Structure formats: structure tokens, C-alpha cells
């Protein structure tokens, strides 16, 4: 199929726009986390923003690679994109739902269409990004749950709390308020989200 006449071309443009907006929202949320003195949460959101912009670049490059540059024009798209008031607890949960929608429904659907239209490389990209978005959803849902029950730095069993600045480590149910070695506040402590994803987030 001619790429310029394909549904895949439009889907890539929609995905590019979505990833750019996701990245922007994570940056907004990151600033909000800083205002709440939660450096680790801010850094986590910055990483997600970086991931989304990387996805956007993949989609953008695929559009350029498959398009005839002599005929390339603006791509008209029509799609709904989320806009919500920035509040950490609610935004984390809403973004988790957005990521789940992309990872479980939208991008797998785009991948199937790309395969049917003969664009195997595009289909593979959608499939790989889908996997990342599903993991983003799990991380955000977990953080939202911890944030809601005020357990971001509390657990029901001893866990590792590591200062992101000096590397000081303590094993305890509750994180130190300030690092006893370098005196940085609690918000700089690293939480091993990937390790904890499969565990209860200790909300009672």
C-alpha cells in the first residue's frame, strides 16, 4: 500500500501527537512534585517524560522514512487527547489509565493495521511501545496508590531506603525524614518501584 494513502500514516501522526502531549503532562507533574518537595517522584516523572519524547521521535522518524518527501504535506488528524487539572494524586491515576489505554488498546490496534497494510517495521514499533506504556501504567497506578494513602515512604515490612545524593542506606518500615549522613530531605530518597510493583503497596 502507498504509505501516503494508508491509515498507518494517520495513526503514526496521532501517536506522535499523543506522545508529545504525554511528555508535556509529565513535565508539568514533575514541577508539581518539586513544589511538594518530592524530588524522587519528580525525577521519576521526568524519566517518563523522556520515554514519551523518545517514542514521539520513533513515530516522527517512521513518518519521514515512509513518506515520499516530494509529496509530503501536513497530516490532518482528529483525535481526543486528555486534559485534566494537575493534582498529583488524581493525575497519577489518570495518567495510569491513559497509559493503559495506549498500551492495551490503541497501539496494539495500530500495530494490527500496520501489519495488514504491509508496514512490518511500524507494527513492530507500535508493539514495542505498547509494552513500555503498559509498564508505565503499572508504575503510575502504584505511585498513585501510595500517594493516596500517604505511604510513599512507609511500608508494612522492612525495605531499603537509599539517599540519592550520598548513597546512605537504611532498612526499615519507614524512611528517615532527613538523611543522617548528608541531611537531604526525605524527598530525595530512592524507591525501587520496579522491585515493589508485584507487592502490596501497604495501604490498609
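Of the candidates 138, 134, 112, the single residue that is more than 22 Å from the chain's Cα centre (by Cα) and either part of a helix (DSSP H, G or I) or crowded, with 16+ Cβ neighbours inside 10 Å (or both) is 112. Spot the failing condition for residue 99; the list is (1) on the phi > 0 side of the Ramachandran plot; (2) not in a loop (DSSP other than H, G, I, E, B), and only one is missed. If we test residue 99 against (1) on the phi > 0 side of the Ramachandran plot; (2) not in a loop (DSSP other than H, G, I, E, B), just (1) comes out false.
Residues of segment 91-109 that are in contact (Cβ under 8 Å) with a residue 24 or more places away in the chain, surrounded by fewer than 20 Cβ atoms within 10 Å (Cβ to Cβ) and under 22 Å from residue 43 (Cβ atoms): 93 alone.
Filter segment 116-129 for residues that are assigned to a helix (DSSP H, G or I) and surrounded by 20 or more Cβ atoms within 10 Å (Cβ to Cβ) and give the result. Break it down stepwise before answering.
In the first step, residues of segment 116-129 are kept if they are assigned to a helix (DSSP H, G or I); the result is 116, 120-129.
Those that are assigned to a helix (DSSP H, G or I) and surrounded by 20 or more Cβ atoms within 10 Å (Cβ to Cβ): 122, 123, 125, 126, 129.
Here residue 75 clears all of (1) loosely packed, with under 15 Cβ neighbours inside 10 Å; (2) at pLDDT below 95; (3) not in a helix (DSSP H, G or I) except the condition numbered (1).
Note on segment 78-114: residues that are touching a helix residue (DSSP H, G or I) at 6+ places or on another chain (Cβ under 7 Å) and modelled with pLDDT under 80 amount to 6.
Out of the residues in segment 170-189 meeting the condition of being part of a strand (DSSP E or B) and under 27 Å from the mean Cα position of the chain (by Cα), tell me which one is surrounded by the most Cβ atoms within 10 Å (Cβ to Cβ).
189
The values are calculated or read from the model by the stated rules, or taken from the named source; none is laboratory data. The structure displayed is predicted, hence computed values, not measured ones. When we count neighbours, we look across all protein chains shown, and the Cβ atoms used for this are built from the backbone with ideal geometry, even at glycine.
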